[in-house]
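Read through the structure below, which is laid out as structure tokens, and then see the notes.
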Amino acid sequence: MANSNVRECVEGTQFQGAGEELVYAYDTAAKGTPTSPDVTVYDLDIAVTDVTSTVMPTGTPSVGGTVITLPALKSLTAGKRYRVVVEFTISGNIYQDYFDVVAQI
């Protein structure tokens, strides 16, 4: 995933099989080198509910240069749309960029 000067990642919506376990990497090079990464996953179909503990239950985001590597996204429900919000700090500014994931059969 690449970052642009807007909040949504430039690749846009991602598609993931409900049974897949995928690790996403988010590049913040357009903004700078990040620190203090965090991630929250929302189910957009249920009144924007935080489901991080269900779909990203283990691990924490890590930083290597300008790339934030997220824990594996898994246990998705087919047909649902999720929003992955990546929070990080650059030069004292806190950013909350995102990308959406549509779970498929």
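The values are calculated or read from the model by the stated rules, or taken from the named source; none is laboratory data. Note that the structure is a prediction, hence the values are computed from the model and not measured. When we count neighbours, we look across all protein chains shown, and the Cβ atoms used for this are built from the backbone with ideal geometry, even at glycine.
In summary, Gly17 fulfils each of the numbered conditions (1) without any contact (Cβ under 8 Å) to a residue 24 or more places away in the chain; (2) closer than 16 Å to Lys80 by Cβ with the single exception of condition (1). What residue, among those in segment 1-19 that are at pLDDT 90 or above and not in a loop (DSSP other than H, G, I, E, B), is farthest from Ala103 (Cα to Cα)? Across segment 1-19, the extreme among qualifying residues is Glu8.
Here are some residues: Val23, Val63, Val39. Which one is over 14 Å from Glu87 (Cβ atoms), at pLDDT 95 or above and not charged (D, E, K, R)? Outline the logic, then answer.
Numbers: Val63 fails: over 14 Å from Glu87 (Cβ atoms); Val39 fails: over 14 Å from Glu87 (Cβ atoms).
Result of the check over Val23, Val63, Val39: Val23.
Given the structure, is Val84 under 14 Å from the mean Cα position of the chain (by Cα) and either in a loop (DSSP other than H, G, I, E, B) or surrounded by fewer than 16 Cβ atoms within 10 Å (Cβ to Cβ) (or both)? The answer is no for Val84. Taking the criterion of being assigned to a loop (DSSP other than H, G, I, E, B), without any contact (Cβ under 8 Å) to a residue 40 or more places away in the chain and either surrounded by fewer than 16 Cβ atoms within 10 Å (Cβ to Cβ) or in contact with a Pro (Cβ under 9 Å, 6 or more places away or on another chain) (or both), the residues of segment 20-55 that qualify are Ala29, Ala30, Asp45, Ile46, Ala47, Val48. When Ile94 is tested against the conditions (1) surrounded by 12 or more Cβ atoms within 10 Å (Cβ to Cβ); (2) touching a strand residue (DSSP E or B) at 6+ places or on another chain (Cβ under 9 Å), the lone failure is (1). With the requirement that a residue be exposed (fewer than 14 other Cβ atoms within 10 Å of the Cβ) and either of a type in the set (Asp, Glu) or in contact (Cβ under 8 Å) with a residue 60 or more places away in the chain (or both), what does segment 62-80 give you? Ala78, the sole residue that qualifies. Pairs are defined by a Cβ separation below 7 Å, a sequence spacing of at least 6 or placement on different chains, a first member in segment 90-102 that is of a type in the set (Val, Ile, Thr), and a second member that is surrounded by fewer than 11 Cβ atoms within 10 Å (Cβ to Cβ); the pairs so defined are Val102/Phe15.
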